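Here the structure is laid out as structure tokens; the discussion comes afterwards.
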Amino acid sequence: VSFLLSLFREDIIRALLWTLVHSLWQGLALAILTGLVILFTRRSAPVWRYNILLGLLFLFIAGAGTTFFLELRTSVVPSDAGSGGGVIFYPADPMETPVASTLYAGGGQSLGGRLTAYINERADIIVAIWFIILAIRLVKLLTDLRGVQRLRYYGTSVPGEYWRKRVAELAQRIGIKRAVRILESSLVNAPMMAGVLKPVILMPLGLLAQLPPRE
């Protein structure tokens, strides 16, 4: 934890903290909006629903990034001293963050003010815990990607020429311009697609031989 905290200045840690706090209500708003989109676009083309939902995801990312830079600006004061024209970093006041200004109303230490001060005092611990959880999730993601790569390259075989041509015909019919490979795999139990940049259709070994021509 100490090593993680030593990598960042105090103003960056504070900005990360309040970005995480903001992301709670931003994520809730995104979830509600996503539910409304799914509800009111049931009869729309799948591509439109996909593009809208993808746009909402990027909107959340942009909102989090904007929040971080706004929070960081509360800790940066232009420096007029000297000829360097640089900036001086000051720890943000507990009552000057956007979240704090919403929670803190009136004079004295209200419940919102005490909560804001409590969060600011433990900014380093909260951010460190978030980094640890993020690291664990990234390790899991890399493990899953390794599993996908294993499915693509181990225990696979190329089906007959008929199936390769058939896949190319179907791809052209539905407007897919990139080449899509089809492979038989001894590691999968159901048809699946793997990969994004180089997508591969994986079929269980022996399933193609059992399919009637119409299917």
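For segment 169-214, what does the relative contact order come out to in percent, with C-alpha contacts under 8 Å and a separation of six or more? The partial results should precede the final answer.
On the way: 49 pairs, mean separation 15.2, N = 46.
In percent, rounded to a whole number, it is 33.
How far is it, in nm, from the label point at ALA135 to the one at THR66 when both lie 7 Å from their Cα along the line to the Cβ?
With each label placed 7 Å out from Cα toward Cβ, I get 3.3 nm.
Going by average Cβ density within 10 Å per residue, which order do the peptides 176-183, 139-146 take, highest to lowest?
Numbers: 176-183: 13.6, 139-146: 9.8.
Highest mean packing first, the order is 176-183, 139-146.
Over segment 124-207, with every protein chain in place, what whole percent of the accessible area is carbon and sulfur at 1.4 Å, could you tell me?
65 percent
Roughly how many nanometres apart are two label points built 7 Å out from the Cα toward the Cβ at TYR153 and ARG181?
Placing both labels 7 Å along Cα→Cβ, they lie 1.0 nm apart.
Accessible area per residue, 1.4 Å probe, Å², for segment 100-215: what's the number?
Numbers: 8630 Å² over 116 residues.
Spelled out: the 1.4 Å probe surface of segment 100-215, per residue, equals 74 Å².
If R0 is 30 Å, what FRET efficiency do you get for ILE32 and ILE126 from their C-beta distance, rounded to 0.05? Intermediate results must be reported in sequence, preceding the final value.
Working: r = 25 Å, r/R0 = 0.84.
The calculated FRET efficiency here is 0.75.
Find how much the distance from THR41 to LEU53 grows on full extension, using 0.36 nm per residue of separation minus their present alpha carbon separation; answer in nm with one decimal.
Extra length available between THR41 and LEU53 comes to 3.2 nm.
The values are calculated or read from the model by the stated rules, or taken from the named source; none is laboratory data. Computed from a predicted structure; not experimentally measured. Neighbour counts run over all protein chains shown; Cβ positions are idealised from the backbone, glycine included. The protein model used for the area step is the full one, side chains on, heavy atoms only, and it has no ligands, DNA or RNA in it. Shrake-Rupley method; radii C 1.70, N 1.55, O 1.52, S 1.80 Å.
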